[in-house]
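Reading through the structure tokens given below for one structure.
The values are calculated or read from the model by the stated rules, or taken from the named source; none is laboratory data. In this text the structure is predicted, and so the values were computed from the model without any measurement. When we count neighbours, we look across all protein chains shown, and the Cβ atoms used for this are built from the backbone with ideal geometry, even at glycine. Please note that ligands, DNA and RNA were not included when accessible areas were found on the heavy atoms of the full protein model with its side chains. Shrake-Rupley method; radii C 1.70, N 1.55, O 1.52, S 1.80 Å.
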Number of protein chains: 4
Amino acid sequence: MKYLEFAEDRKFDLILLGRVAIDLNPAYNEKVKEEFKPLKEVNMFEKYVGGSPANIAIGVSRHGMKVGFLGKVSDDQFGEYVVDYFDNEGIDTSHITKCTNGESLCLTFTEMLSSSESNILMYRNTPADLQLSVDDIDEEYIRSAKAILISGTALAASPSREAAIKAVMLARRTNTKIIFDIDYRSYSWKNDDEISIYYSLIAKEADIIMGSREEFDLTEKLIKPGMSDKETAKYWQGYHAKIVVIKHGMKGSTAYTLDGQQFSIKPFPVEARKGFGGGDGYASGFLYGLYQGWEIIDCLEFGSAEASMMVKSNTSSHTLPGPEGVFAFIKEEKELYGEMVARV
Amino acid sequence: MKYLEFAEDRKFDLILLGRVAIDLNPAYNEKVKEEFKPLKEVNMFEKYVGGSPANIAIGVSRHGMKVGFLGKVSDDQFGEYVVDYFDNEGIDTSHITKCTNGESLCLTFTEMLSSSESNILMYRNTPADLQLSVDDIDEEYIRSAKAILISGTALAASPSREAAIKAVMLARRTNTKIIFDIDYRSYSWKNDDEISIYYSLIAKEADIIMGSREEFDLTEKLIKPGMSDKETAKYWQGYHAKIVVIKHGMKGSTAYTLDGQQFSIKPFPVEARKGFGGGDGYASGFLYGLYQGWEIIDCLEFGSAEASMMVKSNTSSHTLPGPEGVFAFIKEEKELYGEMVARV
Amino acid sequence: MKYLEFAEDRKFDLILLGRVAIDLNPAYNEKVKEEFKPLKEVNMFEKYVGGSPANIAIGVSRHGMKVGFLGKVSDDQFGEYVVDYFDNEGIDTSHITKCTNGESLCLTFTEMLSSSESNILMYRNTPADLQLSVDDIDEEYIRSAKAILISGTALAASPSREAAIKAVMLARRTNTKIIFDIDYRSYSWKNDDEISIYYSLIAKEADIIMGSREEFDLTEKLIKPGMSDKETAKYWQGYHAKIVVIKHGMKGSTAYTLDGQQFSIKPFPVEARKGFGGGDGYASGFLYGLYQGWEIIDCLEFGSAEASMMVKSNTSSHTLPGPEGVFAFIKEEKELYGEMVARV
Amino acid sequence: MKYLEFAEDRKFDLILLGRVAIDLNPAYNEKVKEEFKPLKEVNMFEKYVGGSPANIAIGVSRHGMKVGFLGKVSDDQFGEYVVDYFDNEGIDTSHITKCTNGESLCLTFTEMLSSSESNILMYRNTPADLQLSVDDIDEEYIRSAKAILISGTALAASPSREAAIKAVMLARRTNTKIIFDIDYRSYSWKNDDEISIYYSLIAKEADIIMGSREEFDLTEKLIKPGMSDKETAKYWQGYHAKIVVIKHGMKGSTAYTLDGQQFSIKPFPVEARKGFGGGDGYASGFLYGLYQGWEIIDCLEFGSAEASMMVKSNTSSHTLPGPEGVFAFIKEEKELYGEMVARV
């Protein structure tokens, strides 16, 4: 069964809106290996494109989907780096604009203390991504996509907040599906009420909502705190949601569909380089499956596999796999651990 | 027919949220008459409580309704003046808080060039009213009222914006009716898209919406521009609205009810002291009638009469009448101009 | 003996730099008398030009001196009011510029609780006067005056701070004398070290310095705290000062001259309407005498008389007297209290 | 002849005040060589301590001088890195404080296009170094040093500006010599008048002033534009300067002493890795010689040698030499190019 009917005559499969940044990770390659250590002791860093929706854009693009990006970058070499990188991946950058007041791209330095302990040191003082404004949101561009994906961090402050809301309003007007990836990051938010206000505003309009239990709790604070996963799914399906995906970290995740069904998946067993980065791989894989028209459980398995592949990597973007890579990984894991390794 | 069922067990008839300010009008009383002239030539000013929801609070309170106010004032003599004035009017001030960072109450100097030409000179740099924050919004207080009235100016900037949205979300949760008085003022807003975003957000939740045609156009910009009055009414009645009041200035106004009816009224003929201030009298009178359970047309007539009384006055607050005053005015006008003077 | 040799070929006697504001005083005239009371109970206010250097400009202009003003006003009716008022007084306004970012003139509401107790409620959030910038300071204009007067409040924040310093540097370059009226107001200053830094910077360049003992203490904090009046005078005379005037409130004031002499004066006995406003009258009178080439003690007596006249008035600007008025006042007081009424 | 008499009973030879930052240079070491290329194509970066006064502090400390640093760092791993690094170099960090409002250390990414073409991409939005405040400036600490060095960048914005001025005022009070390294960087300054105001303020108090011709032109803009090197030296020697060093880039530099002498030096011929970084080596070497009591020409030669050594390096701090290294370099160069290789 298909839960979403995408308008078929659209140029893009998906346009993503939100944060693109620069990751500066402790170097870890053939030449230099900065082993787990405090950040202050790291001497060499590798530069990558980062930011959750940017990662997902790269992920789905590598699966062959036609992708555009709605975002704001710095008017400097780092901004050009991002645009060049996207261009090279085949991602449409016609609607990535440059800051006009000297704002800089967000920088993320990651401290890797062990495979599960990590911290970030951010340069995020009036960052470029949050300068996205309503003037950057173009109805024709929204109309040219089957769906838009709103990454929740874009809602954390103005003017990006209003740009994201405008995109959602125009998506509804143009029959463009709305995917909401809650992607909560504490930075930039001023208080919990504000989070609930803006997350719920988007969640009410979304066709697909993806988030962790904690993220749904934040979303529902001013509406009805303490809902169970099933109640959550039902509540948002009372608005426009067809699929609600709720994640529980290492315990796995479940997709609730509008017809009352639910489908669960677990992570694949891997040795992690870092305790983060899986979520964007998950979203890439899951959305790819959905666009292929697969059964929900197969979408979930594909997403979970891609997530597991990413936590093994030193980057959250540059090593994202093509579909063959994910299939190969699944095959390999199943040979090692059995057919039901990730299925619940 | 009653379009709204208020919960009867509430302490307050109405809690208003939004701007309270100081009006400094050219003196015009028995002792001093500053005739129509440029502001720079005015020597003496009279101080009044001002701000649209503050005026309405005073208006309905003088009609005998039980009223509370949710707002923020300066921590100085002007803030105390407002609280003292409200206390004296019997308006509950338990939820009026003081600014903690030295912000000042908005000041409005009015330039009166003729009975129809006027300008304002505002001191509104980070004003006290816009410092209202989510922490000031208390679920129990919202639950203690039959309805809350949100004045649109509160949406113009953070943190007041989120405070107003939170109040609306809690009102929905506590079965407190929501009245949205659009009250557009250009100040503080950054662009038209932003206006449409936040006005429509509240309008979707409101049980009663009151605004001019221009205000509805602003509200609907990102949804469906160019709607007629009937389309507007129908659109918002598709959400929660039971009564939609659309004003056309001197041409009169019309209330559209959920049952498909419409009722129109015109202004009463008076000689104006100033071209503004009528709107708050209109709202006071109309809401009073509604709470009395009157027919819609009678509510409108009462509101229109109170509006006409206010444009004759040098203040928008201190001379607001009691119900007997309005009845007397209507009687007098009808004797002069006929029973149907204001009815269409 | 003359302590200062002014260049004689200058168009203006004095150009003053600094704050001009609007005073809104409780009305006190033939028609309306707002007696001593808390500000919140005052209903009617009278509008006046205010701000220390503005008052002094009006004062010396009424004594017949040729005066210009270097300042910034709001681009609204209040800004026009100030310029019109100055024009009418014969003060050159060619170098008063208008704010370009919507800043407002400072407003001062005075609370008069008794003839000696008063408070002010200020609207001074990014005020117009502090927007004076280096671009407003024109070497030719500085060169066209015998002296400039820097009012210390202009140093409280950027960009006005740098404008004032630039004016002083250009004055030194063009042989324009520098008069520093310390005029300390706590608002806008961030800490005491900052006050000492900027006051001392100007004091080092000034030919005449006028201030209270407390103001000199603030000035000297980072140099040598705890100096006596004589030490203070000697210290600044080690730089460029020829005359140092140190005030001790009701106890009187003393002028220390470069030749080691000192001259003292006391206030004239009057019944005060308010406990402030005398200082600007004092400066007007003292400077007038100095330009006339009078003996220092006569300059001081004239200044003290003008000060006493001002504390009796409801305004600090509009009732400033011409020289005949001051002479008449001195004559009257001496007849009442004896020739030495103010002399020590 | 000795031009400066340092108070001998001081704990520190020199305390430097100003900017400390993080340099992220394209990696260039045994393992990774990022050759000349646009910054956007650089994949790996090496992290170093940077900032002109920080480099000089390291430089003179490696020559055996007792050094302290007055600065502000971020309250994060990068701030700790700087303090750890200084501690390890033997630089006193007792007066390096941490930011309390989450400000970040300035980051400098260097783009190296050729040995002479380079650009920088800075993260310098409210940077930690400019948060140094008057409260961080302690009279006892200033008194504990023979001299303080003020790096001009500290004057670019408040509160660091006032901290630097306070340090200079206290240095004068405590007979601590004042060295002013103009070190002009365009960032943070608002206009040229402001530069002249604050540079000249410090230059008037300084015992030694070091800067390029362009930097002296900026300093003198509001005083007397267009001075020759000799006029410049004479002008500042009219205040407190004993030695004025004026640099002309590759053409060499000249020291003007209070007794009317002048001494010139040229760069040593080397192949540069980068077109910057020499200045801090120059200052380190020159000041070291001065403290040793050397003839001025020998101080200059030593400074010039250290400068040449630094432009060959990939960093401006970590490869600063000890005195033996500089002597060896001079010996080697002289053997290659002749005794007078750098002397004019």
With R₀ set to 51 angstrom, the calculated FRET efficiency between the beta-carbons of residue A:8 and residue A:186, to the nearest 0.05, is 0.80
Just need the relative contact order of region B:149-271 here, percent rounded to a whole number, with Cα pairs under 8 Å and 6+ apart.
19 percent
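Determine the total buried accessible area between chain A and chain D, counting protein heavy atoms only with a 1.4 Å probe; round to the nearest 100 Å².
Values: alone 14510 and 14510 Å², together 26440 Å².
Counting protein atoms only, the buried area is about 2600 Å².
About its Cα centre, how strong a charge dipole does the protein assembly as shown have in debye, to the nearest 20, once Lys and Arg get +1 and Asp and Glu get -1 at the Cβ? Provide the component values of the computation, followed by the final result.
On the way: 156 positive and 208 negative charges, 2 e Å.
Its charge dipole is roughly 0 debye.
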Chain B: relative contact order as a whole-number percent, Cα under 8 Å and 6+ apart:
17 percent
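Count neighbours as other Cβ atoms within 10 Å of each site's Cβ, and list the chymotrypsin sites (Phe, Trp or Tyr not before Pro) in region A:197-241 that are DSSP loop with at most 13 such neighbours. Before the final figure, lay out each step's value.
On the way: sites: A:198, A:199, A:216, A:235, A:236, A:239; in loops: A:239.
Within region A:197-241, the qualifying chymotrypsin sites (Phe, Trp or Tyr not before Pro) (loop, at most 13 other Cβ atoms within 10 Å) are A:239.
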Expressed as a whole number, the average count of other chain Cβ atoms within 10 Å around the Cβ atoms of A:3-15 is 0
Scalar couplings 3J(HN,Hα) for region A:157-172 by Karplus 6.51 cos²θ - 1.76 cosθ + 1.60 (θ = phi - 60°), nearest whole Hz, x for Gly and Pro, are 7, 7, x, 4, 3, 5, 4, 5, 5, 4, 4, 5, 5, 6, 5, 4
Say a label goes 7 Å from Cα toward Cβ at residue D:140 in every copy; what distances in nm does this one have to the rest, shortest first?
5.2, 5.7, 7.1
By the C-alpha gyration tensor axes a ≥ b ≥ c (rounded if a/c is under 1.5, else prolate when a/b exceeds b/c, else oblate), the shape of region B:1-63 is prolate
For region B:172-295, with only Lys/Arg (+1) and Asp/Glu (-1) charged at the beta-carbon, what is the dipole magnitude about the Cα centre, in debye rounded to 20?
100 debye
Residues whose placed amide H lies under 5 Å from that of residue C:50, excluding near-sequence neighbours
C:21, C:22, C:23
Can you list the residues, at least 5 places off or on another chain, whose amide H is less than 5 Å from the amide H of residue D:245, using H built in the peptide plane?
D:209, D:210, D:211, D:256
How far is residue A:334 from the same spot in each other copy, in nm, shortest first, if each label point sits 7 Å from Cα toward Cβ?
7.9, 8.3, 11.5
Residues along region A:154-183 losing 30 Å² or more of accessible surface when the other protein chains are present rather than the chain by itself (probe 1.4 Å)
A:162, A:166, A:169, A:173
Give me, ordered by chain and number, the residues 5 or more places off residue B:312 or on other chains with an amide H under 5 Å from its own placed amide H.
B:273
Relative contact order of region A:272-344, pairs being alpha-carbon contacts under 8 Å that are 6 or more residues apart, as %
33 percent
Dipole of chain A [Lys/Arg +1, Asp/Glu -1 at C-beta], most positive-end residue of A:199, A:116, A:29:
A:199
Residues from region C:134-153 losing no less than 30 square angstrom of accessible surface in the full protein assembly compared with the chain alone, 1.4 angstrom probe, ligands and nucleic acids excluded, are C:134
Inter-label distance, nm, simple model (7 Å from Cα along the C-beta direction), residue A:29/residue B:228:
6.7 nm
With the full set of protein chains in place, find how many percent of the accessible area of the protein assembly as shown is carbon and sulfur; take the probe as 1.4 Å.
48 percent
Each residue of region D:192-205 in order: what ³J(HN,Hα) in whole Hz does its phi give by Karplus 6.51 cos²θ - 1.76 cosθ + 1.60, θ = phi - 60°, with x for Gly and Pro?
5, 4, 4, 4, 4, 4, 7, 4, 5, 4, 6, 4, 5, 9
Magnitude of the Cβ-charge dipole of region B:126-219, K/R +1 and D/E -1, about the Cα centre, nearest 20 debye?
280 debye
Cα centroid distance between region A:247-294 and region A:96-139, in Å?
25 Å
Residue by residue through C:109-118, how many Cβ atoms from other chains fall within 10 Å of the Cβ on average?
1
Measuring from centroid to centroid over Cα atoms, what is the spacing of region A:30-91 and region D:295-344 in Å?
42 Å
Taking θ = phi - 60°, what integer Hz values does the Karplus form 6.51 cos²θ - 1.76 cosθ + 1.60 yield along region B:227-241, in sequence order, with x for Gly and Pro?
6, 6, 4, 5, 5, 4, 4, 5, 4, 6, 5, x, 9, 10, 5
Using the Cα centre of chain B as origin and beta-carbon charges of +1 (Lys, Arg) and -1 (Asp, Glu), tell me which of B:292, B:50, B:4 is placed farthest towards the positive end of the dipole.
B:4
Which residues of region B:41-76 show a drop of at least 20 Å² in accessible area when all protein chains are present, compared with their chain alone (probe radius 1.4 Å, heavy atoms only, ligands and nucleic acids excluded)?
B:43, B:44, B:45, B:47, B:76
Pick out, in residue order, every one of the GluC sites (Glu not before Pro) in region D:113-219 that is DSSP loop and has at most 15 other C-beta atoms within 10 Å; say none if there are none.
D:117
Using a 7 Å offset from Cα along the direction of the beta-carbon, what are the separations from residue C:115 to the same position in each other copy, nm, ascending?
4.8, 8.6, 8.8
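So what is the 222 nm mean residue ellipticity for the protein assembly as shown from helices alone, if each DSSP H run of at least 4 adds -39500 (n - 2.57) and you divide by all residues, rounding to the nearest 500 deg cm²/dmol?
Numbers: 40 runs with 478 residues, N = 1376.
Result for the protein assembly as shown: -11000 deg cm²/dmol, rounded to the nearest 500.
What average number of partner chain Cβ atoms lie no more than 10 Å from the Cβ of the residues making up D:188-198? Each step should come with its number before you reach the end.
Values: counts 0, 0, 5, 6, 1, 11, 8, 0, 5, 9, 2.
Shielding by partners across D:188-198 averages 4.
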Suppose all protein chains stay in the model; what accessible area per residue would a 1.4 Å probe give for the protein assembly as shown, in Å²?
36 Å²
Please go through the residue pairs D:40/D:251; A:33/D:40; D:242/D:266; D:31/D:251 and name each one whose alpha carbons sit more than 28 Å apart in this structure.
D:40/D:251; D:31/D:251
